[in-house]
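What follows is a single structure, written as structure tokens, with notes after it.
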Amino acid sequence: MLNQKGGVGKTILSVNLAARLLANCDACILSELLERAERRGDHELADKIKRVSPVSWKHVNFYGQYDFLEAAGLVDLSAIVDGLEEVNGDGKAAN
């Protein structure tokens with residue numbers, strides 16, 4: 001429950017919201033990666049992507065300080081996935 005000053009309730013609400021947003025973002029990225037792997041006929045990579053949980057937090061720095069007040073525009077999902085594929089250097093996402 002939220003109290004007058006926010007306190008613990010506000011923190012819990014913020015953490016829950018962040019967790020849902022991260023899971024949704026990760027699910028979108030995984031869906032795009034899966035679609036690209038299937039389009040290329042890379043069934044081995046597609047099977048690996050299908051086993052990845054969008055609720056994994058290894059890539060998230062929870063100790064950072066973030067400012068979400070300034071609108072940065074829409075997220076370019078295609079550019080994010082392009083970057084992930086470049087990490088591996090061969091047009092496939094690193095596994």
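The table that follows gives values for the structure above.
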| read-out | value |
| --- | --- |
| Output for segment 34-60, where each listed residue is among the small types (Gly, Ala, Ser), closer than 25 Å to ARG20 by Cβ and loosely packed, with under 12 Cβ neighbours inside 10 Å | SER53 |
| Subset of segment 59-95 [modelled with pLDDT under 75 and closer than 21 Å to LEU45 by Cα] | HIS59, ASN88, GLY89, ASP90, GLY91, LYS92, ALA93, ALA94, ASN95 |
| Residues of segment 18-64 classified as within 15 Å of GLU85 (Cβ to Cβ) and in contact (Cβ under 8 Å) with a residue 40 or more places away in the chain, total | 10 |
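The values are calculated or read from the model by the stated rules, or taken from the named source; none is laboratory data. Remember, predicted model here, so these are calculated numbers, not experimental data. In this analysis, Cβ positions are derived from the backbone assuming ideal geometry, glycine residues included, and neighbour counts consider all displayed protein chains.
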